[in-house]
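Enquirer: Provided herewith is a single structure, encoded as structure tokens, for subsequent inquiry.
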Amino acid sequence: MDLFDYISENKKEKESPLASRMRPKILEDVVGQQHIIGKDKLLYRAIKADKLSSVIFYGPSGTGKTTLAKVIANTTKAVFTQINATSAGKKDMEEVVKEAKDNLGMYGKKTILFVDEIHRFNKGQQDYLLPFVEDGTIILIGATTENPFFEVNQALLSRSQLFELKPLAVDDIKILINRALNDKKDGMGIYNAVIDDDALSFLADMANGDARNALNAVELGVLTSTPREDGKIHITLDVASECIQKRVLRYDRQGDNHYDTISAFIKSMRGSDPDAAVYYLARMLNAGEDVAFIARRIMICAAEDVSNADPNALVVAVAASQAVERLGMPEGRIVLAQAAAYVACAPKSNSAIMAIDEAMSVASQDNNVSIPPYLMDSHYSGAEKLGHGIGYKYAHSYENHYVKQQYLPDEHADKIFYEPSDNGYEKVQKEYLKKTKRSGD
């Protein structure tokens, strides 16, 4: 690198976004992710000992995937090179592999290749890397926001350690915000800025576990605010709200209003009011509620309040949960709205939850209740001598694939737990049970 390149790189670094400038350079400065980089964890030990094998970092944006790669770059004695899967082609990979072979053969140095957004590589590109990862020519670090079990070649996955990064906790993001405001070298320390406690909590919460969101808002707030009479730039709640482009609502995700809103959402679906359900969904989304939490509540409502009156409600709810995980926001709002509206409009029944709660209550008091011997497992030597399986009637051997037979223990022979309603598909189930088990013949 000549003088002009050095000046250009230095200028580029100083003008880069705050989130990039504040990226930790050593492992001890990394905030969060202690489940994988705690001092007793495998990844921490591997980085410290410079004995890293191929890894895939998987997690949402702003959780530290690239940060960990950069820390490894600053720690390792291996040659570190980086490509982005959105722009790199086969020629780029061929050059990396050639240099890696030269470094290994001529200097005995390993090469670490960091592939950002590795899920963007097609199958052919991933297949090309495979033999070089396998023979140790390249140590791969892949980073992806997508589920690697869907997006990364299974052969490549099997040769890599998978580490899942979690959204950063609110307290972690508070640490990063304060660090950025006080750092005079890489942060905003020279601007003499302070942040109000409510603004700090708001930004940390609304960032949704993404450090980049929080730091971008902090940078924008500092650069667009003028100092007050005390000579300081004050980041207030209003400034923070403007900069992160989220309104300050009367909604605290840890407080009463959180539970009030989710309660109203669930009761609206249960009460078959799709308009109210979508309204409360919108309030939660605007307030930055965790979409995974919302999806879980829709699944529970589909099972608890719709049940078998419309079995497809649970199918829709589960599919929505999976779709939101893969799509993220803002597109995920459409999926959640579809699922909430479907559950709200579905015929209702609480038969499943009533059945399992009653059954669990009865089962919890069963100390010595025996399973009928003819229902016991008979697929082992000596079972017949114990009388297991003898007398069992195989339903498919009878007309209409049904035969009258007692399945409950003698103590509960006449007990009814599941009582389908007259709504939706449960009406069909009710008619079937009348013809079979509950016919009284």
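The values are calculated or read from the model by the stated rules, or taken from the named source; none is laboratory data. Worth saying up front: this structure is predicted, and the values here are computed from it rather than measured. Cβ atoms come from the backbone with ideal geometry, glycine included; neighbour counts cover every protein chain shown.
Enquirer: Identify, please: which residue in the stretch 81-93 is in contact (Cβ under 8 Å) with a residue 12 or more places away in the chain and part of a helix (DSSP H, G or I) and is, among those, farthest from Thr111 (Cα to Cα)?
Expert: In this case the residue turns out to be Lys90.
Enquirer: Can you name every residue in the stretch 205-241 that is out of contact with any helix residue (DSSP H, G or I) (no Cβ under 8 Å at 6 or more places or on another chain) and either crowded, with 16+ Cβ neighbours inside 10 Å or within 14 Å of Ile173 (Cβ to Cβ) (or both)?
Expert: If the condition is that a residue be out of contact with any helix residue (DSSP H, G or I) (no Cβ under 8 Å at 6 or more places or on another chain) and either crowded, with 16+ Cβ neighbours inside 10 Å or within 14 Å of Ile173 (Cβ to Cβ) (or both), then Asn208, Asp210, His234 are the ones that fit.
Enquirer: Val335 passes all but one of (1) modelled with pLDDT of 85 or more; (2) surrounded by fewer than 16 Cβ atoms within 10 Å (Cβ to Cβ); (3) more than 22 Å from Asn423 (Cβ to Cβ); which number fails?
Expert: Unmet condition: (2).
Enquirer: Filter the stretch 392-441 for residues that are within 39 Å of the chain's Cα centre (by Cα) and closer than 23 Å to Asn368 by Cβ and give the result.
Expert: Within the stretch 392-441, just Phe417 meets the criteria.
Enquirer: Restricting to the stretch 61-112, give me the number of residues that are under 25 Å from Asp210 (Cα atoms) and of a type outside the set (S, T, N, Q).
Expert: The qualifying residues number 11.
Enquirer: Given the stretch 265-360, what helices (runs of 4 or more DSSP H) lie entirely inside it while holding 3 or more residues that are over 17 Å from Pro60 (Cβ atoms) and of a type in the set (Phe, Trp, Tyr)?
Expert: Ranges flagged: none.
Conditions (1) in contact with a helix residue (DSSP H, G or I) (Cβ under 8 Å, 6 or more places away or on another chain); (2) of a type in the set (Gly, Ala, Ser), marked per residue:
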| position | (1), (2) |
| --- | --- |
| Thr261 | yes, no |
| Ser268 | yes, yes |
| Pro274 | yes, no |
| Ala277 | yes, yes |
| Met284 | yes, no |
| Ala292 | yes, yes |
| Glu304 | yes, no |
| Leu314 | yes, no |
| Pro330 | no, no |
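Enquirer: Leu314: under 22 Å from the mean Cα position of the chain (by Cα) and closer than 25 Å to Phe417 by Cα, yes or no?
Expert: Yes.
Enquirer: Now, a different point. State whether the residues of the stretch 135-154 include one that is part of a loop (DSSP other than H, G, I, E, B), in the same structural domain as Ala100 (by TED's automatic domain parsing) and touching a strand residue (DSSP E or B) at 6+ places or on another chain (Cβ under 6 Å). Working first, answer last.
Expert: Here is the first cut: in the stretch 135-154, the residues part of a loop (DSSP other than H, G, I, E, B) are 135-137, 145-147, 152-153.
Going one step further and asking which of them are in the same structural domain as Ala100 (by TED's automatic domain parsing), we end up with 135-137, 145-147, 152-153.
Checking the rest, the ones that are also touching a strand residue (DSSP E or B) at 6+ places or on another chain (Cβ under 6 Å) come to none.
Checked against the condition, which is being part of a loop (DSSP other than H, G, I, E, B), in the same structural domain as Ala100 (by TED's automatic domain parsing) and touching a strand residue (DSSP E or B) at 6+ places or on another chain (Cβ under 6 Å), the stretch 135-154 yields no hits at all.
Enquirer: Name the residues in the stretch 25-39 that are farther than 16 Å from Gln161 by Cβ and either assigned to a loop (DSSP other than H, G, I, E, B) or among the aromatic types (Phe, Trp, Tyr) (or both), would you?
Expert: Lys25, Ile26, Val30, Val31, Gly32, Lys39
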